[in-house]
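Only one structure is covered here, and it is reproduced in the block below.
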Amino acid sequence: MELALEILPQVLLEGLVLGFMYALIALGYTMVYGVLEFINFAHSEIFVLGAFVGVEVLFWLQDAGQLAVLHPAFVLSLVIAAGMLISGLAAMALERVAYRPLQSSPRLVALISAIGASFFLQDALRLFESLWRNTFYLNYPALDVLDQVLPLATNLVVPVKSLMVIATSLLSLGGLYYFVNRTRIGTAIRAVAQDPETASLMGIPVNRIIALTFFVGGAMGGLAGVLFGLHYSLVNPYSGFAPGLKAFTAAVLGGIGNIPGAMLGGMVLGLLEAFAASYLSILTDGAFGAEYKDVFAFLVLIMILIFRPRGLLGETVREGRA
Amino acid sequence: MSGSLPSLGLLAYIAASSVLAFVFPQSVLAFLLVEASLLLLCYVPAPLKIKIYLAALVLLILIPFLGTFNGYYLEVAIQIGIYVALALGLNIVVGFVGLLNLGFVAFYAIGAYLWAIFGSPQANQFIPGGFFPLSANWFFIFLIFSIAAGALTGTLLGLPVLRLRGDYLAIVTLGFAEVVRAVVNNLDKPINITNGPKGISPIVKPPLFFKPWLEFFGLEIADSTLYPLYFYFLVLLMALLIILITRRLEDSRVGRAWKAIREDELAASAMGVPVVRMKLFAFAVGASFASAVGVLFAAKQVFINPESFTFMESIGVLAMVILGGMGSIPGAILGATGVTILNLQLLKGLSLWLNGLRQSGAELTLPLLGSYSLSQLPVQFEPAKYERMVFGLILILMMIYRPQGILPPRRDRRT
């Protein structure tokens, strides 16, 4: 029990970092689900794409000898902006190529196409990096600022990169909330999510709004990808699968289609996972360890879907025929 | 007279392609031609009886015969059989009932591990007494066990989740498969049941009960050549049985109920179709096929580990069903055969060819671009490693351009 309390602050920090990342990715799932009512399975690859764009930009700066010269804040903003832009554009392109032709088809058809897109993108990334760098496991170059730590207490050491993740996520989540709820375009997005037909009668260009939603969701995913890369260093084309599935779980947990829900769901799932990773082995005397944390997330998903399919902040989901 | 001409042509084609495969036992192309004869059989207008004879000729005599010269042919044929069986199982759930199951591989894994654990010394880790590995004769008993185990797990998974709407169901089944894989991957402690990521081996092969008979007829075949042939016939038998069962099911009350649910669940239940029970039954049947195939797979591989049961495997089988045509039995067979050949023969062949080019170091001179030494081809560029891209493309392109598949089910053609 002593030990359990001792590590609590550190576990909470870990959970917050994970939670913000899941929240950022979950936004992409939930926004697309809001407007199109289907699971954008390829969103996890949009996330990974962001991580790869980030590492490529850093490599580019490194090769140009600028990485040590430029101000770290500028470097970080550049990397993040590039990751968000490319991921957003990729998500828009994906919608145009793989989903728009299927808008009138049953939802399962679009889902299958999305799964196909997800697989295709994984190997496309792998192929590109293999040809370009001859390897597809990439390590983020070290940034000195991020590797520093702030020892706040004896049992709480805060790495600067965790702070960076938390601050950036808070800023962008706040920005997104403002954008969706207080601006004209945000109102249009919500209108399309509520009822695409009526929205189009009110003069809202539905297809453009859908594309925009994909851009915003993709950009959030790309941001999460860059943060993921900066925080955990190693990326490969297949590293999006587990975070993607968990972020989807988070979106469902919060109530799919619901933007504050996605944020809340992400936090809850991140914290749950961090607790499971640290405490499972303490609670079961080492019989089950951190390796079950993924199982834990999926069990949470199955449980919510069975007992509360509307999620924590449950909006009633429209009952359509699949 | 007009009917016999196509049959003769077919026979000539089969003879020509098999002679070709016999003369060039290493050629991928030659064997592809032999396999294509089965596809031709479906399209050529000839009496059904002759078609069956010809199919039997190819499946029962030619392929095993060619397989004794090039073991890889037989390996490909066995894999095709396994995937045909899996695709038919998934076709029931996805095609007949319209439930997207993304975790089909979980049932396959359950069957495979069932035999792997008890058909190897692994079970001694948690059952004292040193009874294991069980003798080969238990293989067939476990085949039956696995059908029950598959049906049971299918029902257990189905009970809570079948109320969910289509896309949620897909994600939950995917989550279930990941849970199964993670459990198998980690259940080497506290009690070592699955031996974790290291996998289990050696797994006992099925019994050669017919060997005395072969010897009686004076056929002395070494075990190493006999086993692949044996597996080939076992897989063939299993695939044929599954085809038969699915066909009978499709045309039965149950099959009609399944399709009614697929078309309109509300209307079906209004007409008195017991929706939940029928869905559960479909889940159970599909799962038990996969599980039985898993037992065979474990015995064939001798070694299995969790790597064989990833999400990609589920998607591969799904791609087969969709390529062939959801809800169509010939479609599932064609899809499974096509995708397996693509993976095992075409992509691998292309990889070998590229490797050869790389090693030859020949110079390629292109107009405007100058010359390029082929030895500079990046090593990472190996088509065989890009299965996911192939599966992905199949899924997207089929959904956009031909969602009903290559061989859509009969019903669609009638209306």
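The values are calculated or read from the model by the stated rules, or taken from the named source; none is laboratory data. Because the structure is a prediction, the values reported are computed rather than measured. Cβ placement follows ideal geometry from the backbone for every residue including glycine, while neighbour counts extend to all protein chains displayed. Surface areas here come from the heavy atoms of the whole protein model, side chains and all, with no ligands, DNA or RNA. Shrake-Rupley method; radii C 1.70, N 1.55, O 1.52, S 1.80 Å.
Here are some notes:
- Residue match in the stretch B:267-284 (condition: modelled with pLDDT under 95 and on the phi > 0 side of the Ramachandran plot): yes
- A:Tyr177 more than 25 Å from A:Ala73 (Cα to Cα), of a type in the set (Phe, Trp, Tyr) and open to solvent by 50 Å² or more (accessible area, probe 1.4 Å): no
- Restricting the stretch B:176-190 to residues that are at the interface with chain A (Cβ under 9 Å from one of its Cβ atoms) and among the hydrophobic types (A, V, I, L, M, F, W, C) leaves a set whose member that is nearest to B:Ala116 (Cα to Cα) is B:Val183.
- Unique match (being within 14 Å of chain A (Cβ to nearest Cβ) and either open to solvent by less than 40 Å² (accessible area, probe 1.4 Å) or in contact with a Gly (Cβ under 6 Å, 6 or more places away or on another chain) (or both)) among B:Val285, B:Val275, B:Val293: B:Val275
- Helices (runs of 4 or more DSSP H) contained entirely in the stretch A:1-100, each with at least 1 residues that are within 14 Å of chain B (Cβ to nearest Cβ) and open to solvent by less than 60 Å² (accessible area, probe 1.4 Å): A:8-36, A:43-63, A:72-94
- Helices (runs of 4 or more DSSP H) wholly inside the stretch B:1-91 that include at least 3 residues being crowded, with 19+ Cβ neighbours inside 10 Å: B:4-23, B:28-43, B:63-69, B:71-90
- Test set (1) modelled with pLDDT of 90 or more; (2) in a strand (DSSP E or B) - B:Gly392 fails condition number: (2)
- Qualifying residue in the stretch A:283-300 (condition: more than 9 Å from chain B (Cβ to nearest Cβ) and buried (at least 24 other Cβ atoms within 10 Å of the Cβ)): no
- All conditions but one from (1) assigned to a loop (DSSP other than H, G, I, E, B); (2) out of contact with any helix residue (DSSP H, G or I) (no Cβ under 6 Å at 6 or more places or on another chain) apply to A:Leu152; the one that does not is (1).
- The set of residues in the stretch B:300-335 that are among the hydroxyl-bearing types (Ser, Thr, Tyr), surrounded by fewer than 23 Cβ atoms within 10 Å (Cβ to Cβ) and either touching a Pro at 6+ places or on another chain (Cβ under 8 Å) or outside any helix (DSSP H, G or I) (or both) contains only B:Thr310.
- Test: residue in the stretch B:210-228 that is in a helix (DSSP H, G or I), surrounded by fewer than 17 Cβ atoms within 10 Å (Cβ to Cβ) and either within 14 Å of chain A (Cβ to nearest Cβ) or of a type in the set (Lys, Arg) (or both): yes
- Test: residue in the stretch B:124-133 that is open to solvent by 10 Å² or more (accessible area, probe 1.4 Å) and outside any loop (DSSP other than H, G, I, E, B): yes
- Among the candidates A:Ala242, A:Ala297, A:Ala276, A:Ala247, residue that is within 30 Å of A:Glu129 (Cα to Cα), without any contact (Cβ under 8 Å) to a residue 60 or more places away in the chain and within 21 Å of the chain's Cα centre (by Cα): A:Ala242
- Residue-level check: of (1) acidic (Asp, Glu); (2) surrounded by 15 or more Cβ atoms within 10 Å (Cβ to Cβ); (3) under 28 Å from B:Tyr83 (Cβ atoms), B:Glu265 misses just (3).
- Counting the residues of the stretch A:119-129 that are facing chain B (nearest Cβ under 7 Å) and of a type outside the set (A, V, I, L, M, F, W, C) gives 2.
- Meets criteria (at pLDDT 90 or above, at negative phi and open to solvent by less than 20 Å² (accessible area, probe 1.4 Å)) for B:Phe104: yes
- Residue match in the stretch A:130-139 (condition: in a helix (DSSP H, G or I) and more than 14 Å from chain B (Cβ to nearest Cβ)): no
- For the stretch B:12-28, filtering for residues that are under 25 Å from the mean Cα position of the chain (by Cα) and either among the polar types (S, T, N, Q) or modelled with pLDDT of 80 or more (or both) leaves 6.
Residues are listed down the side, and each one gets a yes or a no for (1) within 28 Å of A:Glu95 (Cβ to Cβ); (2) touching a residue at least 24 places away in the same chain (Cβ under 8 Å); (3) basic (Lys, Arg); (4) in contact with a Phe, Trp or Tyr (Cβ under 9 Å, 6 or more places away or on another chain):
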{"residue": "A:Ala117", "(1), (2), (3), (4)": "yes, yes, no, yes"}
{"residue": "A:Asn134", "(1), (2), (3), (4)": "no, no, no, no"}
{"residue": "A:Tyr140", "(1), (2), (3), (4)": "no, yes, no, yes"}
{"residue": "A:Asp144", "(1), (2), (3), (4)": "no, yes, no, no"}
{"residue": "A:Val157", "(1), (2), (3), (4)": "no, yes, no, no"}
{"residue": "A:Ile166", "(1), (2), (3), (4)": "no, yes, no, yes"}
{"residue": "A:Gly174", "(1), (2), (3), (4)": "yes, no, no, no"}
{"residue": "A:Asn181", "(1), (2), (3), (4)": "yes, no, no, no"}
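- Scanning the stretch B:25-65 for residues that are hydroxyl-bearing (Ser, Thr, Tyr) and either touching a residue at least 60 places away in the same chain (Cβ under 8 Å) or more than 15 Å from B:Glu75 (Cα to Cα) (or both) yields B:Ser37, B:Tyr43, B:Tyr53.
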